[in-house]
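Asker: Sharing a structure here in structure tokens format.
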Amino acid sequence: MNLRCQSTYMPFPQIAVTREPTEEHTIVKLIGIGVCGRQALKHLAEHRIPYVETMACDELDEDVRAFMVKAHLLFLVFDPDEANELNVAVGISKLGADMPNLVTIAVSVLPTAWQAQWGARLTLPTDEPGKYLLLVVVGLSAILRQEGYVGVDFMDVRHILSQPGCCTFGVGIAQGADRGQSAAHLALQQIAASGSRIGDMAGGIVILSSAMGSLKLVESKTTMNFIRSQTDPSCLLIYGNYYDEALSDEVRVTVIASYTSGSSIVSC
């Protein structure tokens, strides 16, 4: 899993922090397992990630258990081709299944060894996975933890991400007229390019990112109406917005698409 960033333009999130976290808010954590996980942690450490706690581990021990206790959303980053890393990830996921307030998501470029009974897994694109991991973790933590934005309730996120199956996602950036819809179109194109059918989505989380004061309500509505027009009517869509100071007149749309175990999906 190569976590080094290439030259493709994608502003890294620089969240406008408006308050200090408290115990009342959703707690997002990430465990990096083995060599692959440590590469991810090193990449994340190069950028400011508000509200996300991280830990490196090579085995499931009491330190890991203690780290998991107060978490609500837990990401596991590992290499499924490494037997020990996969076994540790499975053990953590099974332990998390006994914690009613925890949603555990396995994150990998090649999650083919991950079975549905172990919980949800998120597939990263093979090009620049570290960049996309950053966007997903920052985006979810921002819409769950920040005040002054269009936020989402953790129970909604839990409903979409806790189902056994595969999650994949796309990211689009656009500016100018119809920038929200254009960015959404690019994000959905990226999902389709991974082999996933947009019409088979069981649920989706849409994260709209813009500079402070840039995104208008009508743009949010137009963007969501476009995404809704591409999905099945039964697909549950939720969205949140956060301010990203790395963006100027652009809008970034991140779509996290959830597919249940029975969905028609190729990439997972």
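The values are calculated or read from the model by the stated rules, or taken from the named source; none is laboratory data. Since this is a predicted model, take the numbers as computed values, not measurements. Please note: Cβ atoms are built from the backbone with ideal geometry, for glycine as well, and neighbour counts cover all protein chains shown.
Asker: Being within 20 Å of residue 105 (Cα to Cα) and either assigned to a helix (DSSP H, G or I) or free of Cβ contacts under 8 Å to residues at least 24 places away in the same chain (or both) is the requirement here; does residue 207 meet it?
Answerer: Here the answer is no, as residue 207 does not meet what is asked.
Asker: Touching a Leu at 6+ places or on another chain (Cβ under 8 Å) and closer than 24 Å to residue 142 by Cα: does that describe residue 218?
Answerer: Against the criterion (touching a Leu at 6+ places or on another chain (Cβ under 8 Å) and closer than 24 Å to residue 142 by Cα), residue 218 does not qualify.
Asker: Continuing with this model, one more query. For the subset of the stretch 136-146 comprising residues that are of a type outside the set (Lys, Arg) and crowded, with 23+ Cβ neighbours inside 10 Å, which member is farthest from residue 76 (Cα to Cα)?
Answerer: Initially, the stretch 136-146 is screened for residues of a type outside the set (Lys, Arg), giving 136-144, 146.
So of that shortlist, the ones also crowded, with 23+ Cβ neighbours inside 10 Å come out as 137-143, 146.
Numbers: 137: 11, 138: 15, 139: 17, 140: 15, 141: 15, 142: 19, 143: 20, 146: 23 Å.
Here the residue is 146.
Asker: Just for the stretch 32-85: of the residues that are among the acidic types (Asp, Glu) and farther than 23 Å from residue 98 by Cβ, which one is surrounded by the fewest Cβ atoms within 10 Å (Cβ to Cβ)?
Answerer: Across the stretch 32-85, the extreme among qualifying residues is 46.
Asker: Given the criterion farther than 18 Å from residue 160 by Cβ, outside the structural domain of residue 245 (by TED's automatic domain parsing) and not β-branched (Val, Ile, Thr), identify the matching residue among 97, 106, 45.
Answerer: 45
Asker: Has the stretch 163-181 got any residue that is assigned to a helix (DSSP H, G or I) and under 24 Å from residue 52 (Cβ atoms)?
Answerer: The answer is no, given that none of the residues of the stretch 163-181 is assigned to a helix (DSSP H, G or I) and under 24 Å from residue 52 (Cβ atoms).
Asker: When residue 235 is evaluated against the numbered criteria (1) touching a residue at least 40 places away in the same chain (Cβ under 8 Å); (2) crowded, with 19+ Cβ neighbours inside 10 Å, which criterion, by number, is the only one it fails?
Answerer: Only one criterion is unmet by residue 235, namely (1).
Asker: Exactly one condition in (1) at pLDDT 90 or above; (2) assigned to a strand (DSSP E or B) is false for residue 226; which is it?
Answerer: Status for residue 226: all satisfied but (2).
Asker: Looking only at the stretch 86-110, filter to residues that are surrounded by 24 or more Cβ atoms within 10 Å (Cβ to Cβ) and not hydrophobic (A, V, I, L, M, F, W, C); which one of those is farthest from residue 38 (Cα to Cα)?
Answerer: 104
Asker: If we keep just the residues of the stretch 190-204 that are out of contact with any Leu (no Cβ under 8 Å at 6 or more places or on another chain) and either within 15 Å of residue 174 (Cα to Cα) or part of a strand (DSSP E or B) (or both), which is modelled with the highest pLDDT? Write out each step before concluding.
Answerer: From the stretch 190-204, those out of contact with any Leu (no Cβ under 8 Å at 6 or more places or on another chain) are 190-197, 199-201; that's our starting set.
Then drop every residue that is not either within 15 Å of residue 174 (Cα to Cα) or part of a strand (DSSP E or B) (or both), which leaves 190, 196.
Values: 190: 91, 196: 87.
Filtering first and then ranking leaves 190.
Asker: Going residue by residue through the stretch 242-254, is there one that turns out to be under 22 Å from residue 155 (Cα atoms), crowded, with 19+ Cβ neighbours inside 10 Å, of a type in the set (Ser, Thr, Tyr) and touching a Cys at 6+ places or on another chain (Cβ under 6 Å)?
Answerer: No, the stretch 242-254 has no match at all.
Asker: Could you grab me the full set of residues in the stretch 71-94 that are over 18 Å from the mean Cα position of the chain (by Cα) and either outside the structural domain of residue 59 (by TED's automatic domain parsing) or assigned to a helix (DSSP H, G or I) (or both)?
Answerer: 83, 84, 85, 86, 87, 88, 90, 91, 92, 94
Asker: Continuing with this model, one more query. Restrict the check to the stretch 113-126 and report whether at least one residue is among the hydrophobic types (A, V, I, L, M, F, W, C), closer than 25 Å to residue 243 by Cα, crowded, with 21+ Cβ neighbours inside 10 Å and in contact with a helix residue (DSSP H, G or I) (Cβ under 6 Å, 6 or more places away or on another chain). Talk me through it step by step, then tell me what you get.
Answerer: Let us first name the residues in the stretch 113-126 that are among the hydrophobic types (A, V, I, L, M, F, W, C), namely 113-114, 116, 118, 120, 122, 124.
Subset that is closer than 25 Å to residue 243 by Cα: 122, 124.
From what is left, the residues that are crowded, with 21+ Cβ neighbours inside 10 Å are 122, 124.
With in contact with a helix residue (DSSP H, G or I) (Cβ under 6 Å, 6 or more places away or on another chain) added as a condition, the list becomes 124.
Yes.
Asker: Would you check which residues across the stretch 210-231 are crowded, with 18+ Cβ neighbours inside 10 Å, in contact (Cβ under 8 Å) with a residue 40 or more places away in the chain and among the polar types (S, T, N, Q) and list them?
Answerer: Selection gives 210, 220, 223.
Asker: Ok, one more. So which residues in the stretch 107-131 are at positive phi and out of contact with any Gly (no Cβ under 9 Å at 6 or more places or on another chain)?
Answerer: Of everything in the stretch 107-131, just one residue is at positive phi and out of contact with any Gly (no Cβ under 9 Å at 6 or more places or on another chain), namely 128.
Asker: With 130, 151 as the choices, which residue is in contact with a helix residue (DSSP H, G or I) (Cβ under 7 Å, 6 or more places away or on another chain), in the same structural domain as residue 74 (by TED's automatic domain parsing) and at pLDDT below 85?
Answerer: None of the others qualify; the one that does is 130.
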